[in-house]
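The structure appears right after this line, and notes come after that.
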Amino acid sequence: MPRPLIDTGVLLALLDARDEHHPWAKQMAATHPQGFDTCEAVITELIYHIRASERAKHAVLAMIESQWLRIHPVLPKNRVAVSHCLEKYHPRADYAYACLVSMYEQFGSSVITTDKVDSTLYRTRLGNLIQTEFPSSSLRRA
């Protein structure tokens, strides 16, 4: 069974107990003890957001080292899918989410996100909705 894909906002919420989605993110982590897959773009966004916290950076590196968080390269293999998504949703297009959409097309895994707006906006190249899980109160972007 493929592991779910995880977006930046969920990882941010998991690392910050003050985040409004922290309890939900912890629940997602408990529901998926095998861990998650993601892309380098998500890790780049995540590290940017937590740059002031040495503890959080160490936690992310530990997640990656333990393979609980697996990082998959997206480019150049999926450049057509990413490019299509970036062009179709320009100027709103988010590179990290475009990479997750391409991974969704490749793996068929659900996307765990705190961004309800993007998760209901983006579609596959065939026009299908992306199977997502998000907190019921979420409208934010990471």
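Since every read-out is calculated from the coordinates, none of them should be taken as a lab result. Given the structure is predicted, the values throughout are model-derived calculations rather than measurements. Here Cβ is always computed from backbone atoms with ideal geometry, including for glycine, and neighbour counts include all displayed protein chains.
Per-structure values
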| read-out | value |
| --- | --- |
| Neighbour-count ranking [beta-carbon atoms within 10 angstrom, fewest first] of Ile112, Ile71 | Ile71, Ile112 |
| Residues Ser109, Ser83, sorted so that the one with the fewest Cβ neighbours within 10 Å comes first | Ser83, Ser109 |
| Degrees between helix 22-31 axis and first principal axis of the chain (Cα, 0 to 90, nearest 10) | 80 degrees |
| Where N is the number of residues in the chain, Cα Rg divided by 2.2 N^0.38 Å | 0.98 |
| Nearest-ten-degree value, helix 40-49 long axis tilted from longest Cα axis of the chain | 50 degrees |
| Cα-centred dipole magnitude for region 5-133, charges only on beta-carbon of K, R (+1) and D, E (-1), debye, nearest 20 | 200 debye |
| Burial ordering of Thr132, Thr44, Thr31, fewest other beta-carbon atoms within 10 Å first | Thr31, Thr44, Thr132 |
| Fluctuation leader among Leu86, Leu12, Leu126 - the chain, Gaussian network, Cα springs under 10 angstrom | Leu126 |
| Helical mean residue ellipticity (222 nm; -39500 (n - 2.57) per DSSP H run of 4+; nearest 500) of the chain | -14000 deg cm²/dmol |
| Cα-based helix-to-principal-axis angle, 54-65 vs the chain, degrees rounded to 10 | 60 degrees |
| Under 14 Å, Cβ to Cβ, from Lys57 - net charge with Lys/Arg +1 and Asp/Glu -1 | -2 |
